[in-house]
Amino acid sequence: MVYQEQSSRQMVLIESDWRLSPFLPIEPMSARQYSFLQILATGLEQQLPIAPLTYAFALEHRRRFRARLIRFASIIQVDPCIASALEKTPELLPDETVTAIRLGQELGVLPETLAQLMETEVPSADDVQEKWNSVISYVIVLIPTLGTIALGFCFFIIPTFKKMFDEFELRLPTASILYLKLLGQVVVYIGPCFLALLSFAVLYLFTPLGLTLRRLNRRYLPGAYASRSRRSVLQLLAVSLQGNAPIQKTATLLARFHPAPLVRRRFRMASQKMESGCEPWNSLAEQNLVTDTQSQSLSAMKENDLRIWTLLRLAGCRRAAERRRAYTLVSLVQPISILLIAVMVLWTCFMCFAPLVSLITAVSQ
């Protein structure tokens, strides 16, 4: 009887799937990941089975995020280790979050780690993503429109102008000649470039190539992820202090399973320094895992609670700095893209009217 009730409930969920999941995502990825993090924390705190909660949450979403949730639910039914299931489900949660969960599980402080992540990973107003979306929408709408107008001028209006100028034995204006040469180059290369971009987009979106490239970018390439990696190290050290684990043990664990090879190597070198008798915080500073100032301040503190608060505050400041840099970048990209498109529009208009002015001037003389 109980089995029939559970089966009927599952059938109701499956039948109402179309009501639960919107066609277009109404939340950013960070908000969806935070909601899933809340489910994990609640399930662990209330000792509820994670798989049914995850499956029910998956019905509220579509496409890739749903597939990842269902894959996680199927894995955790076989292996109850949350960290292992997350590691086998790439991009369900950010790499640094999965690493913190793995460290918390290894140190036996997983509930405290999830509680800390609930405080530090709260999604803020994503004004940066909104600006990127506005820039991309602007470009997607205007470039095809401008291209269509330019090709119309090239194939229908300019030949007529050229024929008229040949009859009057005149020469097209320089701006029009340059415009035609530019369009000629675009016409020659636009086909192969479009096919190449289309092929890359299909491979990136529908094959493991996209996941591989994103993983390489996060783990091997420098840039914005270097700052994110340093912020992650501060949060991981705060997790280890919550479990009152020695810094050397934390460095040894992170040298084994941290996703970034460079960070693993630095933790391994720091662990070797600690084994030889060096002060833990100085060893981390020598490997550029923390700064010298941070090392001196953390070493001088006597209580772990104060160290944890300091590390989380430093990580929060780094997160705010990352957002400011991203906002500055998109604030520069937006006017530059608008300016470039405006230049092309003005050039197109000038190309259209310059032959008319030249022709009228020549005829009037």
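The values are calculated or read from the model by the stated rules, or taken from the named source; none is laboratory data. Since this is a predicted model, take the numbers as computed values, not measurements. Note: ideal-geometry Cβ built from the backbone for every residue, glycine included; neighbour counts use all protein chains shown. Surface accessibility is based on the protein's heavy atoms, side chains included, excluding ligands, DNA and RNA. Shrake-Rupley method; radii C 1.70, N 1.55, O 1.52, S 1.80 Å.
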(Q) Test of the criteria: in the stretch 257-364, which GluC sites (Glu not before Pro) are in a DSSP loop and have at most 11 other Cβ atoms within 10 angstrom of their Cβ? (A) Glu303
(Q) So, R0 is 35 Å and r is the distance between the beta-carbons of Trp347 and Ser199; what FRET efficiency does that work out to, to 0.05? (A) 0.70
Q | C-alpha center-to-center spacing [the stretch 34-63, the stretch 297-319] in angstrom | A | 31
Q: With no solvent and one equal point scatterer placed on each C-alpha of the stretch 284-343, evaluate the Debye formula and give log10 I(q)/I(0) for q = 0.14, 0.18, 0.19, 0.25 Å⁻¹, two decimals.
A: -0.57, -0.73, -0.77, -1.01
Q | Theoretical gain in end-to-end length, Arg325 to Asp305 [0.36 nm per residue, Cα-Cα removed] | A | 4.1 nm
**Q.** Whole-number percent relative contact order across the stretch 226-351, with pairs defined as alpha carbons under 8 Å at least 6 apart
**A.** 29
Q) Which percent of the accessible heavy-atom area of the stretch 201-338 goes to carbon and sulfur, probe 1.4 angstrom? A) 58
Q.
For a Förster distance of 41 Å, can you work out the FRET efficiency between the beta-carbons of Val141 and Arg264, rounded to the nearest 0.05?
A. 0.35
